[in-house]
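The values are calculated or read from the model by the stated rules, or taken from the named source; none is laboratory data. In this text the structure is predicted, and so the values were computed from the model without any measurement. Positions of Cβ are generated from backbone atoms using ideal geometry, with glycine treated the same way; all protein chains shown enter the neighbour counts. Just so you know, the surface numbers come from the protein's heavy atoms only, side chains and all, with ligands and any DNA or RNA stripped out. Shrake-Rupley method; radii C 1.70, N 1.55, O 1.52, S 1.80 Å.
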Amino acid sequence: SYLDMRALSLLQAGAAVILQVVGPRASRVFHECPAKPSTFRKYYERGELPIAVKHENRGNSIAWKVDVETLDYHHYLPLFFDGLTETAFPYELFARQGIHDMLDRGGPKILPVIPQLIMPIRNALNTRNHQVMCTTMKVLQHLVMSADKVGEALVPYFRQILTVFNLFKNKRKNLGDGIDYDQLKKEDIGKLINETLQIFERYGGPDAYINIKYMIPTYQSCLTN
């Protein structure tokens, strides 16, 4: 190149040439990818969600304006899952607690909605936000155990949701003799990922392990080991 020829000519002329070696760019694989305001937030701000803040001595919770069992799960459950990307109050509270309430009381209404939940789950994980990922892991654990066959229904979608699992599976904090308070609060991403994978395997039927292993080669079965 021109610059190489220029440096060579300067060397031949006896001039001192200082070359700066630039290393590779830092990997951004663990960097957060901020999400846009969710559709869930827009529905809440328009007053189209049947929920309100309930202030209690032990903290804030949500109050449903209708019986959860009467909700249209095909409409509301994906909408609440879309709110998993939220981290600000009250959107994060409404989405998280709303999902758990619906999973607790949904029964057979949950299984038919699984295909509609995959994109919101994937979007939440792809934010690579610590709070969002931990919340999503706990929701996934609850989802798998919420109704019969839900774990098996998720297996065909492992390739869409386990990519981020593989990136963060071994991400641990090295604090020496210090105390990792995130782990005490069950907020350690690596630990939550491993727990979630084990639940996927236990409830996912005969094809769960091989599909987990395909996406995460280092995963070891919790059933055979």
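Of everything in the stretch 131-150, what is open to solvent by less than 30 Å² (accessible area, probe 1.4 Å), out of contact with any Asp or Glu (no Cβ under 9 Å at 6 or more places or on another chain) and either of a type in the set (Phe, Trp, Tyr) or over 17 Å from Met102 (Cβ atoms) (or both)? Give them in sequence order. Quick ask: steps written out before the conclusion?
Let us first name the residues in the stretch 131-150 that are open to solvent by less than 30 Å² (accessible area, probe 1.4 Å), namely 132-137, 139-141, 143-144, 146-147, 150.
Then keep just the ones that are out of contact with any Asp or Glu (no Cβ under 9 Å at 6 or more places or on another chain); that gives 133, 136, 139-140, 143-144, 147, 150.
Met133, the sole residue that qualifies.
Out of the residues in the stretch 36-57 that are of a type in the set (A, V, I, L, M, F, W, C) and farther than 10 Å from Phe80 by Cα, state the one that is modelled with the highest pLDDT.
Our first condition is that a residue be of a type in the set (A, V, I, L, M, F, W, C); within the stretch 36-57, this holds for 40, 49, 51-53.
Now restrict to residues that are farther than 10 Å from Phe80 by Cα: 51-53.
Working: Ile51: 93, Ala52: 89, Val53: 83.
Selected residue: Ile51.
Arg128 versus (1) open to solvent by 60 Å² or more (accessible area, probe 1.4 Å); (2) on the phi > 0 side of the Ramachandran plot; (3) under 10 Å from the mean Cα position of the chain (by Cα): which is the lone unmet condition?
Tallying (1) open to solvent by 60 Å² or more (accessible area, probe 1.4 Å); (2) on the phi > 0 side of the Ramachandran plot; (3) under 10 Å from the mean Cα position of the chain (by Cα), Arg128 fails exactly one: (1).
Taking only the stretch 43-67 into account, find how many residues are under 26 Å from Ile114 (Cβ atoms), more than 25 Å from the chain's Cα centre (by Cα) and surrounded by 11 or more Cβ atoms within 10 Å (Cβ to Cβ). Give the derivation first.
From the stretch 43-67, those under 26 Å from Ile114 (Cβ atoms) are 43-44, 48-51, 62, 64, 66-67; that's our starting set.
Narrowing further to those that are more than 25 Å from the chain's Cα centre (by Cα): 48, 50, 64, 66-67.
Checking the rest, the ones that are also surrounded by 11 or more Cβ atoms within 10 Å (Cβ to Cβ) come to 50, 64.
Of the residues in that region, 2 qualify.
Considering only residues that are assigned to a helix (DSSP H, G or I), open to solvent by 10 Å² or more (accessible area, probe 1.4 Å) and over 20 Å from Ile161 (Cβ atoms), which ones fall in the stretch 85-119?
Of all residues in the stretch 85-119, those assigned to a helix (DSSP H, G or I) come to 85, 91-109, 111-119.
Checking which are open to solvent by 10 Å² or more (accessible area, probe 1.4 Å) leaves us with 85, 91-93, 96-97, 100-101, 104-105, 107-109, 111-112, 115-116, 119.
If the condition is that a residue be assigned to a helix (DSSP H, G or I), open to solvent by 10 Å² or more (accessible area, probe 1.4 Å) and over 20 Å from Ile161 (Cβ atoms), then Tyr91, Glu92, Leu93, Gln97, Asp101, Asp104, Arg105, Gly107, Pro108, Lys109 are the ones that fit.
Mind checking which helices (runs of 4 or more DSSP H) fall wholly inside the stretch 166-225 and carry at least 3 residues that are more than 17 Å from Val139 (Cα to Cα) and at pLDDT 85 or above?
On the way: elements: 181-184, 189-203, 208-215.
Ranges flagged: 208-215.
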